[in-house]
């Protein structure tokens, strides 16, 4: 089984880090496979639970962060919505102390998520999809959810309209009967 095809269970047994060498021509060489790889293959390796380290062939500089960022920017631009514009501006504007706080907060949150992922084989609700399903309505957790969501929103709007009509009718009936409408009594003691 190739490294890109390994599942999460396999990665738990072989937690070694895959070393990728980036050459000046921007080609990426995977030492564990002994061949050149694409960004897609590196993404698949990470997606299957393995970690990668990317090094410059001449200087040995760690390029992992910039390569993983490149994968997100090029292959999944919609995921950049995770970072609101205000946060991106804040990161650029901040001094060292504020940036250190932001970095530490994000690292702590990611460590918690990583801890949950490591425990996932032992508890079925800790796998990413199952964990999300416990917090999201059923319509968001399955294909065709957009249609269901639209129908649900239309139904809510219809119910709100009917509720407004009932309120108006109730208030109109009270005015005709001459009884003053009273606010509900406070049940606090």
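No lab work stands behind these numbers, since they all come straight from the coordinates. Here the structure is a predicted model, which means the values were calculated and not measured. Neighbour counts are summed over all protein chains in view; Cβ atoms, including those assigned to glycine, are modelled from backbone coordinates with ideal geometry.
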Spin-label point model (7 Å from Cα, Cβ direction): what's the residue 32 to residue 80 distance in nm?
-> 2.9
With each pseudo-label sitting 7 Å past Cα toward Cβ, what's the residue 94-residue 65 distance in nm, one decimal?
-> 1.3
For the pair residue 166 and residue 153, how long in nm is the line joining their label points, each one 7 Å along Cα→Cβ?
-> 2.5
